[in-house]
Amino acid sequence: MLSYRWCGLVFRFVRSIKKRTPSVYATSWTIEYNVLGSLLTSAAGVRETLFHELFHNNDEDHGDWSAKHLQADYDAIVAACSGTRDAAHASRCLAPYAPNNTMVRGGTYYAFQQNNGDAVHEYAAELAVRYFKEQGDMLAAGKLARTAFKCGPSENARAWKALVNEFFAGRDLVPACS
Ligand SMILES: [Zn+2]
């Protein structure tokens with residue numbers, strides 16, 4: 001089995017009626033691309049969104065990997081930040097754990113939005129996007145634009161290592177944390 005499949009995909013172009021979401025939708029190696037998707041306004045946005053969706057397919061193919069390997073840490077992070085007073089405080093609490101800046105209405109990180117299916121899937125897909133971005137930065141510039149995700153809290157380091165080993169053959173161009 002390929003550890004990260006990125007070809008042999010079905011690609012469909014769609015449009016939502018009277019709205020611009022979802023931008024992309026994926027299941028069973030089929031990716032549906034919304035030609036008016038709200039996240040698809042720049043080349044970088046398109047690339048990241050497609051990588052996110054492609055990860056969902058791979059996660060599914062690896063036996064729902066994220067739910068089995070990331071759920072415990074994920075639930076603990078959500079629980080630790082859920083007692084805060086309001087959305088702004090919760091966001092500040094979650095910030096060190098959020099793989100990306102994408103926010104949804106109400107001021108929550110996409111990776112931590114609840115009522116969104118099993119939200120650990122979104123956290124994992126955002127983590128994969130962060131991996132994609134950091135590897136790209138290392139290839140292009142030899143350094144990262146910001147602190148490496150794995151050098152944040154220990155939950156981040158654990159999730160990163162597990163993801164890299166499962167899907168990307170253990171290959172990580174980002175130097176070890178000091
Ligand atoms: Zn997703």
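The values are calculated or read from the model by the stated rules, or taken from the named source; none is laboratory data. Bear in mind that the values here come from a model prediction, so they are computed numbers and not experimental data. Using ideal geometry, Cβ is built from the backbone for each residue, glycine included, and neighbour counts are taken over all protein chains shown.
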message = Suppose we filter 50, 40, 36, 54 for residues that are away from the ligand (no atom under 12 Å from the Cβ), closer than 21 Å to residue 121 by Cα, aliphatic (A, V, I, L, M) and in contact (Cβ under 8 Å) with a residue 12 or more places away in the chain; which single one remains?
response = 40
inquiry  = Conditions first: (1) out of contact with any Cys (no Cβ under 6 Å at 6 or more places or on another chain); (2) in a helix (DSSP H, G or I). Residue 18 passes all but one, so which condition is the exception?
reply    = (2)
query = For segment 82-92, does any single residue satisfy the condition of being surrounded by fewer than 19 Cβ atoms within 10 Å (Cβ to Cβ) and touching a residue at least 24 places away in the same chain (Cβ under 8 Å)?
reply = no
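Going by what's in this entry, would residue 76 be described as closer than 20 Å to residue 155 by Cα and either modelled with pLDDT of 90 or more or within 16 Å of the ligand (Cβ to nearest atom) (or both)?
Taking the combined requirement at face value, the residue satisfies it.
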note = residue 103 vs (1) surrounded by fewer than 21 Cβ atoms within 10 Å (Cβ to Cβ); (2) under 16 Å from residue 66 (Cβ atoms); (3) among the aliphatic types (A, V, I, L, M); (4) within 15 Å of the chain's Cα centre (by Cα): all pass except (2)
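With respect to residue 76, is the statement that it is touching a helix residue (DSSP H, G or I) at 6+ places or on another chain (Cβ under 7 Å), within 26 Å of residue 168 (Cα to Cα) and either assigned to a loop (DSSP other than H, G, I, E, B) or in contact (Cβ under 8 Å) with a residue 24 or more places away in the chain (or both) true? Don't jump to the end; show me each part of the working.
Working: touching a helix residue (DSSP H, G or I) at 6+ places or on another chain (Cβ under 7 Å): no; within 26 Å of residue 168 (Cα to Cα): yes; either assigned to a loop (DSSP other than H, G, I, E, B) or in contact (Cβ under 8 Å) with a residue 24 or more places away in the chain (or both): yes.
Here the answer is no, as residue 76 does not meet what is asked.
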